[in-house]
Each structure stands twice: as C-alpha cells, then as structure tokens.
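Take a look at the structure below.
The values are calculated or read from the model by the stated rules, or taken from the named source; none is laboratory data. Quick caveat: nothing in here was measured; it's all calculated off a predicted structure. No Cβ is skipped: glycine too gets one built from the backbone with ideal geometry, and neighbour counts run over all protein chains shown. Note: accessible area is taken over every heavy atom of the protein model, side chains too, but ligands, DNA and RNA are not part of it. Shrake-Rupley method; radii C 1.70, N 1.55, O 1.52, S 1.80 Å.
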Amino acid sequence: MSEKEYVKNIKLICELLQSDPTPGVILKLRESFETLSKQLKAGPFLEVFEATLSNIPFSALFSLLAAPDNKLIVTVAEVTGQLLKPVTWPMVHQTFEEYIIQGLAHPHPVVKALVLRQFLKCEQKADP
C-alpha cells in the first residue's frame, strides 16, 4: 500500500521547516500548507489531524506566522485554525497563552482573527 498523500505532504513540510527560509523554500511551504489545508477539509479529518500534530508542533506553526510572506501567513493561520477547532478554550488558554498575547499584537489581521476565534470558545458563566 502506498503512503497516503497527506503523509507525504507532512513529511515535505517537515523537511522544508529544517531548511533555510529562502524565497524558494517559503514558496514551497506556502504550497504545501495550501495542500494540507485542503487535505484537512477533505479528510478523514482525524487521521490528517493526528498525523499533522504528531509531526509538526504548534510552535513551528506559530513561528511561521512571523514569516515575511503574507500568503504563507494566511495559509498557516488557516491550517492552525483548522487544527485548533476541536481544542477547548481551557486547553488553548493553558497551552498557548504566550501565543495568544503575541497573536493579538500581530500586525496581520488574519492572525488576530485566529486568536479572537479562540476567545469565542470561552464559555461565559452567569452570576448565581
């Protein structure tokens, strides 16, 4: 049985993340993350989700949000948002508090929107 396409793509992303961020590498990262975004949407979501997070740490995704390429930032923010969908607010807050603060101050509106969508997961507690 041949390797699944999303696994090949994730391996390519991992290789690219180890490379110097030349314009060619940034372009390939952008294309690979665009493909990963489609693969997450096409599914099976859980398999692609687990394979992605097993190989690409959130810290690597968050570091790419500082890339000098707006299209890469938008694509990585989209993929990060897809990966964070099933994650609850307490887990987001506890695990990614530092990134939340950085994201709110980020100059790109897509990154700010990503952070604000995480706040929408927070349940409001009514006073007794």
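Computed from Cα atoms, the angle from the helix 109-119 axis to the main principal axis of the chain rounds to 50 degrees. Of all lysines in the structure, those lying under 19 Å Cα to Cα from LYS11, and not within fewer than 8 positions of it along the same chain, are LYS28, LYS38, LYS41. The trypsin sites (Lys or Arg not before Pro) of segment 1-82 that meet both conditions, a loop assignment by DSSP and at most 15 other Cβ atoms within 10 Å of the site Cβ, are LYS4.
For segment 65-124, the C-alpha radius of gyration sits at 1.07 times the compact-globule guess of 2.2 N^0.38 Å, with N the residue count.
Which residues does a label at LEU53 reach in segment 8-46, if reach means a backbone N under 14 Å from a point 7 Å past the Cα toward the Cβ? Taking a point 7 Å out along Cα→Cβ of LEU53, the residues of segment 8-46 whose backbone N falls under 14 Å are 45-46. Computed from the C-beta positions of LYS112 and GLU15, the FRET efficiency with R₀ = 30 Å rounds to 0.50. For the chain, a simple Cβ point-charge model (Lys and Arg +1, Asp and Glu -1, everything else neutral) yields a dipole of about 280 debye relative to the Cα centre. The residues of segment 9-128 expose on average 60 square angstrom of accessible surface per residue, using a 1.4 Å probe on protein heavy atoms. Cβ-Cβ distance of ALA66 and GLU31, R₀ of 22 Å, FRET efficiency by 1/(1 + (r/R0)^6): the value works out to about 0.70. For segment 42-49, 3J(HN,Hα) computed residue by residue from phi via the Karplus equation (6.51, -1.76, 1.60; θ = phi - 60°) reads 6, x, x, 3, 4, 5, 5, 4 Hz, glycine and proline entered as x.
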